[in-house]
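Single-structure report; data block below.
The values are calculated or read from the model by the stated rules, or taken from the named source; none is laboratory data. Since the structure is predicted, the reported quantities are computational estimates derived from the model, not experimental observations. Note: ideal-geometry Cβ built from the backbone for every residue, glycine included; neighbour counts use all protein chains shown. Remember, those area values only see protein heavy atoms, side chains included, never the ligands or the DNA or RNA. Shrake-Rupley method; radii C 1.70, N 1.55, O 1.52, S 1.80 Å.
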Amino acid sequence: MSTAVIYLRLVGAQIRAQASYRRSFVIDLLSQAALALVEISTVAIFFGVTRSIGGFTLAPAMLISALAQTCFRLGDLVGGGMDNMAELVRRGRIDAQLVRPMSALGQIFVNTLEVRVFGGVAQGMIVLGIALAFNDIAWSPVKVLLLLVTLVSGMVSVSAIFVAGGTLTFWIIDSRPISDAFTYGGRDFITYPITIYGPVFRTLFAFVLPFAFVAYYPALALLDRPDPLGLPAWLGYCSPVAAAVLALAATAFWRVGIRHYRGTGS
């Protein structure tokens, strides 16, 4: 049996287990969808008192927000389980995964999969569809491909941040507040146009990490809109590069953490 088939069977087992309590499962899905809607709605609330945010009116700002929320939910679906690393280390479950002939990181992804996040993904997709409809986009095969690549790249970027945050647990057991600053703090950062932030904050979160390539620059490329910051238009097509860099960095950090891990004796 191939490794891919084993992972698919484990994912299927997780979905069946979490869906076995149907009422609780449906409530979880709906609560995640409602949470995603509230997070996106916060952007629209600002436009009740102003006509633009950072040089963006409601329609393009909602496109950035919808792209950001959808990418974050997709990344949360894949790598959000890394938030449970402290519990896995305390209970010694990492030890069990290390002795199996499979990737420890892949096992954590599968074993901590939270199917309820599908509710947030679905809600994000719906809002993204509405935002795309309300913006005057000159669609072409290249832009359809750009949209699909942006969603996949955003998922990889967000998952990488979750992995890096979870890896901190190998050195700091209660590292959740630190990792949350970059995962959920990063989500809040990419929800708005980066033009609203100051130079230092924008440089750190938009280009060093680099969250600007999750939603902001792809949205500019979809809208054929120049960057108010004066940067070149081809940056809108660099999401896969940014995602690859983040994924490689997070994987390297994880490998260092695994080598550092000594177990808890639990």
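Return the total of residues in segment 46-84 being over 21 Å from Leu168 (Cβ atoms), among the aromatic types (Phe, Trp, Tyr) and open to solvent by less than 30 Å² (accessible area, probe 1.4 Å).
Total meeting the criteria: 1.
Kindly list, by first and then second residue, each pair from a residue in segment 211-230 that is small (Gly, Ala, Ser) to a residue that is crowded, with 24+ Cβ neighbours inside 10 Å, limited to pairs with Cβ atoms under 6 Å and residues at least 6 apart or on different chains.
Ala215/Ile64; Ala215/Leu67; Ala215/Ala68; Ala215/Ile190; Ala219/Leu63; Ala219/Ile64; Ala219/Leu67
When you look at Arg255, is it assigned to a loop (DSSP other than H, G, I, E, B), charged (D, E, K, R) and loosely packed, with under 15 Cβ neighbours inside 10 Å, yes or no?
Criteria not met by Arg255.
Could you say whether any residue in segment 201-213 is open to solvent by 30 Å² or more (accessible area, probe 1.4 Å), closer than 17 Å to Val43 by Cβ and among the hydrophobic types (A, V, I, L, M, F, W, C)?
no
Can you pull out the residues in segment 128-167 that are surrounded by fewer than 23 Cβ atoms within 10 Å (Cβ to Cβ) and among the polar types (S, T, N, Q)?
Asn135, Ser140
Could you grab me the full set of residues in segment 86-127 that are open to solvent by 60 Å² or more (accessible area, probe 1.4 Å), out of contact with any helix residue (DSSP H, G or I) (no Cβ under 8 Å at 6 or more places or on another chain) and either on the phi > 0 side of the Ramachandran plot or aliphatic (A, V, I, L, M) (or both)?
Val99, Ile126
Are any residues in segment 238-252 touching a helix residue (DSSP H, G or I) at 6+ places or on another chain (Cβ under 6 Å) and assigned to a helix (DSSP H, G or I), and if so, which ones?
Ser239, Pro240, Ala242, Ala243, Leu246, Ala247, Ala250
Looking at the structure I just gave you, is Ile6 under 22 Å from Thr251 (Cα atoms) and either open to solvent by less than 60 Å² (accessible area, probe 1.4 Å) or part of a helix (DSSP H, G or I) (or both)?
Criteria met by Ile6.
Every residue in segment 6-27 that is more than 19 Å from Phe109 (Cβ to Cβ) and not small (Gly, Ala, Ser), please.
Residues satisfying the conditions are Tyr21, Arg22, Arg23, Phe25, Val26, Ile27.
Can you name the residue in segment 11-33 that is under 26 Å from Ala66 (Cβ atoms) and free of Cβ contacts under 8 Å to residues at least 60 places away in the same chain and, of all such residues, is most open to solvent (accessible area, probe 1.4 Å)?
Ile27
Given the options Met85, Met102, name the one that is touching a residue at least 24 places away in the same chain (Cβ under 8 Å), in a loop (DSSP other than H, G, I, E, B) and in contact with a Ser or Thr (Cβ under 7 Å, 6 or more places away or on another chain).
Met102
So how many residues does segment 170-218 have that are in contact with a strand residue (DSSP E or B) (Cβ under 9 Å, 6 or more places away or on another chain) and assigned to a helix (DSSP H, G or I)?
Selection size over segment 170-218: 2.
Restricting to segment 168-192, name every residue that is over 17 Å from the mean Cα position of the chain (by Cα) and buried (at least 24 other Cβ atoms within 10 Å of the Cβ).
The one that is over 17 Å from the mean Cα position of the chain (by Cα) and buried (at least 24 other Cβ atoms within 10 Å of the Cβ): Thr169.
If you check Phe56, Phe25, which single one turns out to be aromatic (Phe, Trp, Tyr), within 22 Å of Ile194 (Cβ to Cβ) and out of contact with any Phe, Trp or Tyr (no Cβ under 6 Å at 6 or more places or on another chain)?
Phe56
All but one of (1) on the phi > 0 side of the Ramachandran plot; (2) touching a helix residue (DSSP H, G or I) at 6+ places or on another chain (Cβ under 7 Å) hold for Ser159; state the number of the condition that does not hold.
Evaluating Ser159 over (1) on the phi > 0 side of the Ramachandran plot; (2) touching a helix residue (DSSP H, G or I) at 6+ places or on another chain (Cβ under 7 Å) leaves (1) as the failure.
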